[in-house]
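Quick note: the coordinates plus some simple rules give every number you see, no bench work behind them. All values reported here derive from a predicted model rather than from experimental measurement. Every residue, glycine among them, receives a Cβ derived from its backbone with ideal geometry; neighbour counts consider all protein chains shown.
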């Protein structure tokens, strides 16, 4: 397989990580994103952008996504935008089955009442209503993989990921992943000597967090590894409550004020942890960055970027 990799959504948080990891591993890369004038929702857009670069693999990070607060009141728009992108990408693959596509699948597509996510349980229940738009679209993407593989023999690997964090996330706490938004609020509060930081929700939900560059390494491994598995969980399998995470971030930031929990904000599912035993064998992948180290790097990044915009 030639090492020509196209990254859709390369200007986003995960897309930028994929770009860095792929380049470091010797891939020739090309990025396409909405900020560069590429709209995956448009008919024929993917055909046009691939005609010159001719990738052997596409990593599809293009998505309309945000945190729980961002999704509130936008569920339909998020669903429609992502469904359009999914359909366009699979129609393209049906005409170009020689190109492998790697699709990141957020674990919110799993049933909302599960605490442990195993590949064989993906279809065993309904998604949580708080992620109706985005989770529903990601679940449809897995369904499309199965249907288009059966009819057109497309080469698609769906890689299910837990919540991501790390340097480079949105500074807007509404658009950022939950952990990134929390880091931003703590850093701002520490700098502005605020007496309290508001934590969205009760603090009780348990979440698993994966450093974004670890996730990118998994996607690149899927791009270059021949495996019979077409749907693979990636993660560390360890969760932490929102309350414990908030205390840990406060300690790293050096914030000594009060933590207040806004229970008017939705918690989402009670617990989400990945069972990722297959990733080690199928992708030769293991996470490399611990939560403690990753948080230190994330806090430093937010501080540096806030310094730049002063």
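Entry note, the stretch 206-280: relative contact order of 53 percent, from Cα contacts under 8 Å with a spacing of 6+ residues.
For the stretch 230-310, taking the reciprocal of the average inverse distance between every pair of different Cα atoms yields a Kirkwood hydrodynamic radius of 15.7 Å. Taking every C-alpha pair closer than 8 Å and separated by at least 6 residues, the mean separation divided by the residue count of the stretch 33-122 gives a relative contact order of 35 percent. For the chain, adding -39500 (n - 2.57) for each run of n ≥ 4 DSSP H residues and dividing by the number of residues yields -13500 deg cm²/dmol at 222 nm. Cβ-Cβ distance of residue 306 and residue 151, R₀ of 51 Å, FRET efficiency by 1/(1 + (r/R0)^6): the value works out to about 0.55.
So if I take the centroid of the Cα atoms in the stretch 253-286 and the same for the stretch 92-163, what is the distance between those two points in Å? Distance between centres, Cα-based: 20 Å.
Rounded to the nearest whole angstrom, the semi-axes of the ellipsoid equivalent to the stretch 1-136, taken from the Cα gyration tensor as √(5λ), stand at 27, 17, 15, largest first.
Here the extension length gained between residue 47 and residue 251 equals 68.5 nm, from 0.36 nm per residue of separation less the Cα-Cα distance.
Does the stretch 141-183 classify as rounded, prolate or oblate by the C-alpha gyration tensor (a ≥ b ≥ c root eigenvalues; a/c under 1.5 gives rounded; else a/b over b/c gives prolate, otherwise oblate)? It comes out prolate by the Cα gyration axes. Per-residue extension of 0.36 nm, minus the Cα-Cα distance of residue 264 and residue 140, leaves a gain of 41.6 nm for this segment. Extents of the stretch 97-146, taken as max minus min of Cα coordinates on every principal axis and listed largest first, are 38, 23, 14 Å. Can you classify the stretch 209-260 as rounded, prolate or oblate using the Cα gyration tensor, where a ≥ b ≥ c are the square roots of its eigenvalues, rounded means a/c under 1.5, and otherwise it's prolate if a/b beats b/c and oblate if not? Prolate is the answer for the stretch 209-260, as a/c is 1.5 or above and a/b outweighs b/c.
The alpha-carbon atoms of the stretch 184-280, seen along their principal axes, cover 54, 26, 17 angstrom, with the largest extent given first.
Across the stretch 183-310, the relative contact order, built from alpha-carbon pairs under 8 Å that are at least six residues apart, equals 42 percent. Highest mean first, the peptides 49-61, 296-308, 241-253, 102-114 sorted by other C-beta atoms within 10 Å per residue fall in the order 102-114, 49-61, 241-253, 296-308. Alpha-carbon geometry of the stretch 58-147: the Rg and the Dmax are 13.4, 39 Å, given in that order.
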